Each structure stands twice: as structure tokens, then as C-alpha cells.
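The values are calculated or read from the model by the stated rules, or taken from the named source; none is laboratory data. These numbers come from a predicted model, not from an experiment. As a convention, Cβ positions derive from the backbone with ideal geometry for all residues, glycine included, and neighbour counts pool all protein chains shown. Note: areas computed on protein heavy atoms with side chains; ligands, DNA, RNA excluded. Shrake-Rupley method; radii C 1.70, N 1.55, O 1.52, S 1.80 Å.
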Amino acid sequence: MPPVLVLHLKRFVFCYDEGVQKVHKFIEYPQELALSPNWLARSQELPKLRNAKYRLESVIYHHGEQASGGHYTCDLRRSKDEWLRFDDVDITSLESVNDVLCEKKDRAAYILFYTICN
């Protein structure tokens, strides 16, 4: 299993009438991600990987209505219970991980970074 798992959420689609469009649908993602053995290729390593769990470390967001422009920000887990938000030169502390996991009207999760826990 990779020590860092990067999930890129497909946020843009091509429409013949309108060109590239942003997908605004909320996608729920967990703080802890357990990979099912059914998702993995069969291997001799599989018994060791049955309980592979990943912890969310960072989320990159895309702000904006259009695919052709916008702004990117990042939430980052600094320690067990501390999350920071990076927006250009501004760094702010978040109240809780719920600020990272909940739906946001002004931005959409774009890339998720998880690290292996076990």
C-alpha cells in the first residue's frame, strides 16, 4: 500500500454545447478511509492489508463557478486535532475537522491526501 494516497476528484466535464464545465456536486469524504480488500488486486500481501486504513491529511479546494478560472485553497492537518486553512498568504486555524468534512457553498473539494495509519 502506498504511504500517501492521493484522490483526485473529477470536477470538470466536457459538454459539446458549452465546452468544459465545473461539476458542483458535493462529494462526502471521511476523516478515516478503510480500503476494502475487494478493491485490491490479489496478492500474497493481501492478508497484511485487510485492515489498511488511511487518515485525511489535506484537502485542496477549487473556488469559482467556471472551469476556466477560479481560486485554489488548502486545508491541512497540522496535528491530531488541529487543522489550518491556507489561502494565498493567509493562514487561519479551523474550529474542528468538521470544517474540513462538511459541504461548502463557496468551494468544492478537488484533491484529497490521505496517509496510511497502520
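In contact with a His (Cβ under 7 Å, 6 or more places away or on another chain) and not hydrophobic (A, V, I, L, M, F, W, C) - does that describe any residue in segment 73-85? Yes, segment 73-85 contains at least one residue that is in contact with a His (Cβ under 7 Å, 6 or more places away or on another chain) and not hydrophobic (A, V, I, L, M, F, W, C).
If only residues of segment 75-96 that are open to solvent by 30 Å² or more (accessible area, probe 1.4 Å) and hydrophobic (A, V, I, L, M, F, W, C) are counted, the one that is nearest to VAL4 (Cα to Cα) is LEU76.
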